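The structure appears below as structure tokens.
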Amino acid sequence: MNSRKSFRVSLNLGGGGARGLAHLGVLRALQENKVKFDILIGVSMGALIAAHYAYTLDIDEVENHIINHINKDVFKHSLLGTWRSDDHREMVSRSKKFLLKFNRLYKQTELYGRLLLAPGILDDDDIQDVVYPLIPNVRFSDLKMPFACVAVDLESGKPKIFDQGPLRKPVLASLSMPLVFPPVQIEEGLYTDGGIVDRVGVDSAFILGVQKIIAVDVSNDFFERKKIKTALDIMLRSEEISSIYRKNYQLKQAAIVIKPVHAPIHWADYHNYESIIESGYNSTMEKMVEIKALVRSQKSIIRFFTKG
């Protein structure tokens, strides 16, 4: 795919871990309503789902494959499959609570050793068993529609848009959340989660020549009401504020923003996948008139300038 080709409308699927399962509902609503977009842009979990959809163009196949995998023992017994956040009233800061979970598991696992000595909590075996089955082992050129994903080069600090070559490593790099996943070596670069700088891929869409963006934001923007006491509290809250502010500024440039997440959901809580998927579907249906109008307007503009 030529990265400098112009695209009328992109569908951007943002990062959010388990909350990204809402993208399945979004894609189902768009497919049922025969809404066509010109390119899929994915970041983090959004990259994984967008890549799979671009390969099949069949939401039933994509959803069945992902749900079947997260219901397997290999996923349920992994670090990614053991989290629950049922009682949102007692939900503390996501990052801080995750660290407390490491402490509880210390006597049974090597998590602390990995945290202190390894580049990520998940090792190569975890990735092979838990993540790779969710990413098609193909090349970008094998996809049935244009797709790009975003990662960040840790050494240069610059975002990188991947849209050609083998698919798996770029998608893995895009979803490699720091601390949890080790960074991914691709040629000369060392890459991590693209959501660090471009949570929903808006900046990347304009670089790719997209004219109008439909952005799906599955971020968890709910602040817990609590006293800020320690240096760790300050650091974590400051990072949350910075990330949300940057993302919201980028989203102002999108033509349409879909926000399926209406309650605090931890990024690693895959247990309530049915309600998460449903929220994606319902939130998209609420915007369907607006979405169809946008797509029609872009088609009309193209027809006007290509007459004669």
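The values are calculated or read from the model by the stated rules, or taken from the named source; none is laboratory data. Note that the structure is a prediction, hence the values are computed from the model and not measured. Positions of Cβ are backbone-derived with ideal geometry, glycine not excepted, and every protein chain shown enters the neighbour counts. Heavy atoms of the whole protein, side chains included, go into the accessibility calculation; ligands, DNA and RNA do not. Shrake-Rupley method; radii C 1.70, N 1.55, O 1.52, S 1.80 Å.
Points to keep in mind about this one:
- Residue within segment 236-252 that is buried (at least 16 other Cβ atoms within 10 Å of the Cβ) and touching a strand residue (DSSP E or B) at 6+ places or on another chain (Cβ under 8 Å) present: yes
- Residues that are over 11 Å from VAL152 (Cβ atoms) and modelled with pLDDT of 95 or more do occur in segment 186-196, at least one of them.
- Filter result for LEU40 (at negative phi, buried (at least 19 other Cβ atoms within 10 Å of the Cβ), modelled with pLDDT of 95 or more and not in a helix (DSSP H, G or I)): yes
Residue by residue, here is whether (1) surrounded by 13 or more Cβ atoms within 10 Å (Cβ to Cβ); (2) modelled with pLDDT of 95 or more; (3) out of contact with any Gly (no Cβ under 6 Å at 6 or more places or on another chain); (4) not in a helix (DSSP H, G or I) holds:
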{"position": "VAL131", "(1), (2), (3), (4)": "yes, no, yes, no"}
{"position": "ASN137", "(1), (2), (3), (4)": "no, yes, yes, yes"}
{"position": "GLY157", "(1), (2), (3), (4)": "no, no, yes, yes"}
{"position": "ILE161", "(1), (2), (3), (4)": "yes, yes, yes, yes"}
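- Taken together, LEU294, LEU236 contain a single residue that is at pLDDT 95 or above and either assigned to a helix (DSSP H, G or I) or under 17 Å from the mean Cα position of the chain (by Cα) (or both), which is LEU294.
- Segment 174-203 - residue that is hydrophobic (A, V, I, L, M, F, W, C), open to solvent by 20 Å² or more (accessible area, probe 1.4 Å) and not in a strand (DSSP E or B) and, of those, farthest from VAL130 (Cα to Cα): VAL197
- Test: residue in segment 10-29 that is open to solvent by 10 Å² or more (accessible area, probe 1.4 Å) and over 23 Å from VAL257 (Cβ atoms): no
- Looking across LYS229, LYS247, one residue alone is part of a loop (DSSP other than H, G, I, E, B), of a type outside the set (Val, Ile, Thr) and modelled with pLDDT of 75 or more. It is LYS229.
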